[in-house]
Every structure is written in C-alpha cells, then in structure tokens.
C-alpha cells in the first residue's frame, strides 16, 4: 500500500501541521511513490550492464542533484499551498506536490541502488526553498503560478542536460530522468494555463543562478 497525504487542511493550525509533516517526509526520505518506478516491470534493471566505478559515481552524483531538486519542489509547493487563499489553487499545488513525491521516492531509491546517498544539506535546501515559496505565494496567485511554471521549465532543461551526461548503459537512471522531464513539462504547461504570469528577466536569471549554486554543491555534498 502506498502512503498518501492528509486531507486538505481546514484551519491555519492544520495547515502548519501538514506543512511540518511534508517537511519531515521530504527530508527524512520516508516518502512513498504513488506510481511504480519507470524502470520496474520490464526487466531492464536485471538486464542492464554493470556500471564501472567512475560511471557509478557520476550517476550517483547526478541522481543526488535530482533528489535535491525534488526536495526543493516539495518545499516550494507546500509553501505556495500554504500561502494562497484560493482553495482551488491550493488543491492544484497539493496535487503537483503529490506527483512530485513520485520523483522524490524514485531518486531516493535509485541512489540506494547506486550505493550513494542524498545530499547532507537537504534540510538547508528545504528551508531555503520553503522561504522562496512563501515569498512567491504572498506576491499573488498569478505570480505564484508564474514562478511554478518558470521553475518547472528550468528543471526540464536541467533534466535534459542530465540525459546527455548519464552513462548510456545506466538505463535505470535514464528512465527515471526521462519520466521526470515529461512530468515537469506538463506541470509547467498546467501552471501557464491556470494563469501564471511571465516573470521579469532579472527574476528568471536569479532563479538560474540560485539553481547553479544548489546543483554545484549537491553534486558533491
């Protein structure tokens, strides 16, 4: 049986408790996917060639970076859901977070399979992303949706880059990243359709710079 999130909070205290529970799940690695891992069911894992030590380390570093991205996604959506007063939009953020939980669990599982670990700085990444999500949410629903759309577009580009860097024979990691990339593109499009405002260029540049710092640090730590 897969774990599911609690019902939509009905009071500020409920909302805060739910946000705290989300944070603990994301940082502790206890999230469970609602969908099966893309590599499961077809026998590709068992048939995949063994990775060399250098390939294993590269795949582990890249999947650690992807896992950090999903930790941040949980924080962003939790904060944005907490900030909005629009119940429909709150449900949309909650739904996006549930779908991103699959990515979080998939990357965590793949790290274990590669004999690697998540980033030691995950609590810091979560706290920082949660703060950014609160700021975006307080700026208004159109800005919050625009921030979501731009974030997902940048993540999609980042994942496309990882597909060029992952070892060709690492079919397990590549299948996960491809599915994540498809999901992020859909999330970006959905946020745009829901009324997301285009963000000013300086904000988009700042988001890219912050992501660069995070990915560089997460690659090693």
*Kindly put 171, 54 in sequence by how many other C-beta atoms sit within 10 Å of each C-beta, fewest to most.*
54, 171
*Would you please give the FRET efficiency between residue 88 and residue 186, computed as 1/(1 + (r/R0)^6) with r the Cβ-Cβ distance and R0 = 22 Å, to the nearest 0.05?*
0.75
*Computed FRET value (nearest 0.05) for residue 95 with residue 139, which takes r as the C-beta separation and R₀ as 25 Å*: 0.75
*asked:* Given all pairs of different Cα atoms, what value in angstroms does the Kirkwood hydrodynamic radius of the stretch 122-165 take?
replied: 11.6
*asked:* Apply the a/c threshold of 1.5 to the C-alpha gyration tensor of the stretch 76-221 and tell me whether it is rounded, prolate or oblate.
replied: prolate
*Taking the Cβ of each residue in 203, 221, 176, 132 as the centre, tally the other Cβ atoms inside 10 Å and list the residues starting with the fewest.*
221, 203, 132, 176
*Say each of residue 209 and residue 120 gets a label point 7 Å from the Cα, pointing the same way as Cα to Cβ; how far apart are those two points in nm?*
2.8
*Sort 153, 204, 64 so the one with the fewest other Cβ atoms within 10 Å of its own Cβ comes first.*
204, 153, 64
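Only the coordinates and a few stated rules stand behind these numbers; no lab work does. All values reported here derive from a predicted model rather than from experimental measurement. Cβ: placed from backbone, ideal geometry, glycine included. Neighbour counts: every protein chain shown.
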